[in-house]
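What follows is a set of notes on a single structure, which appears directly below.
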Amino acid sequence: MSARILAVANRKGGTAKTTTVVNLAAALAHRGLRVLLVDLDTQGHTGLGFGVRAAPGEPTVHDLYRNAGPVDLGRAIRPTNVPQVDIVPADRGFSGPDGVVAPLGLATALKPLAADYAITLIDTAPTADALLINALASAHHVLVPTQLHHLAVDGVGQFARSYFQVATTLNPDLGGLSIMPVQVDLRITMQREALQRLEARFGRERLLPGIRPDIALAEAFGREVPVKYFKPRSRAVHDFDVLCSHVMEKVFAI
C-alpha cells in the first residue's frame, strides 16, 4: 500500500471539513494505518480536535508561506492523543503569505514526509486562494464534504472547476474527486433533490455514503478527541467507519 495524500476541501464554509478530517483520521488509524494531518486552515481546528495547539514561535505548516528560506516540515510534526495519528499544526496567527506562493510548495515539502505515513490528510480553508491550490497540487484524491441544499450543490460545482484546473495543469497525479454529503436526512425533500442534482452532475460513482446529524460530533470537539473516543457507539462513529471503507477503496485504488 503506497502512501497517499487526501485533501479535504470545499470553497464553501460550514461543510464539516474539519470534522471530517478529525474523525476520518481516527477511523483510518483504528484500521492500523499511520496518518499524518496537515492543518492548512488558520483556524487550527483540526489540531484542537486532537488537543494540539502550536504555541507562538513553534514550527507550523504556515512557515512554508513566509519568506524565511527552505522549511523542514518534519520539525513541525507533533504527536496527537490518538495512536498512529500525527499532525503538522496551523499557525492561528497567520495573516497571509509574505509573497507569491509557489504552486508546488506544499507538495515539495511533503515528499520527504509522506513515505512515513500510509495516508496524509490535508484540512483546507474555505477559499479559492493559493493555499487551496497548494493542497490540490499535493493530493492524489480530493474529498468534498457538502450539505444537501441547492446553494451547496452550486458550491461543489464551483470547487470542481478549481479541481479540474489543477488536475490538468499542476498535478497529473490528482486521480479522483469524491463528494460526501453531511447532515444527511433524506426524509427532507430538498435533500433528496440536491442529492439527485449531484448524481446527475458528477455521477453516482463520485458520491460517497453521507454522515447523519449527531450532536456527539460537536461534543467530542469540546473534549478534544475524535468522536470514536468520546461516544464509541454513536451513529457518527458508524457513519465514519463506513466512510473510511469507501475512502480507502477510492484512494488506494489509484
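The values are calculated or read from the model by the stated rules, or taken from the named source; none is laboratory data. What you see is a predicted model, and the numbers here were worked out from it, not measured in a lab. Reconstructed Cβ throughout: ideal geometry from the backbone, glycine too, with neighbour counts over all protein chains shown.
I'd like the full set of residues that are in a loop (DSSP other than H, G, I, E, B) and either touching a strand residue (DSSP E or B) at 6+ places or on another chain (Cβ under 6 Å) or without any contact (Cβ under 8 Å) to a residue 24 or more places away in the chain (or both), limited to the range 85-94.
Residues satisfying the conditions are PRO89, ALA90.
Please verify whether SER178 is polar (S, T, N, Q) and in a helix (DSSP H, G or I), treating the condition exactly as stated.
Spelling it out, it is not the case that SER178 is polar (S, T, N, Q) and in a helix (DSSP H, G or I).
Taking the range 225-249, which residues are part of a helix (DSSP H, G or I), surrounded by 21 or more Cβ atoms within 10 Å (Cβ to Cβ) and under 15 Å from the mean Cα position of the chain (by Cα)?
The answer is PHE240, LEU243, VAL247.
Take the residues of the range 213-224 that are under 19 Å from the mean Cα position of the chain (by Cα) and surrounded by 16 or more Cβ atoms within 10 Å (Cβ to Cβ): which is farthest from VAL82 (Cα to Cα)?
Result: LEU217.
Among the residues of the range 65-107 satisfying the criterion of being polar (S, T, N, Q) and in contact with a helix residue (DSSP H, G or I) (Cβ under 9 Å, 6 or more places away or on another chain), which is surrounded by the most Cβ atoms within 10 Å (Cβ to Cβ)? Explain how you work it out, then say what you get.
First pass over the range 65-107, keeping only residues polar (S, T, N, Q): 67, 80-81, 84, 95.
Those still in the list that are in contact with a helix residue (DSSP H, G or I) (Cβ under 9 Å, 6 or more places away or on another chain) too: 80-81, 84.
Values: THR80: 25, ASN81: 14, GLN84: 18.
Once the filter is applied, the top-ranked residue is THR80.
Please specify each residue of the range 175-227 satisfying the condition of being aliphatic (A, V, I, L, M), under 22 Å from VAL153 (Cβ atoms) and free of Cβ contacts under 8 Å to residues at least 60 places away in the same chain.
LEU177, ILE179, VAL184, LEU186, ILE188, MET190, ALA194, LEU195, LEU198, ALA200, LEU207
Inspect all residues belonging to the range 116-125 and state whether any of them is out of contact with any strand residue (DSSP E or B) (no Cβ under 6 Å at 6 or more places or on another chain) and free of Cβ contacts under 8 Å to residues at least 12 places away in the same chain.
No, the range 116-125 contains no residue that is out of contact with any strand residue (DSSP E or B) (no Cβ under 6 Å at 6 or more places or on another chain) and free of Cβ contacts under 8 Å to residues at least 12 places away in the same chain.
Can you tell me which residue in the range 64-84 is farthest from ILE133 (Cα to Cα), limited to those that are of a type outside the set (A, V, I, L, M, F, W, C) and part of a helix (DSSP H, G or I)?
Checking each candidate, the answer is ARG75.
Considering only the range 135-155, how many residues are under 15 Å from the mean Cα position of the chain (by Cα) and either aliphatic (A, V, I, L, M) or at pLDDT below 95 (or both)?
The number of residues fulfilling the criteria is 7.
Which one of ALA76, ALA102, ALA135 is among the small types (Gly, Ala, Ser) and within 25 Å of VAL247 (Cα to Cα)?
ALA135
Within the range 27-62, restricting attention to residues that are among the small types (Gly, Ala, Ser) and part of a loop (DSSP other than H, G, I, E, B), which residue is modelled with the lowest pLDDT?
By that ranking, first place goes to GLY57.
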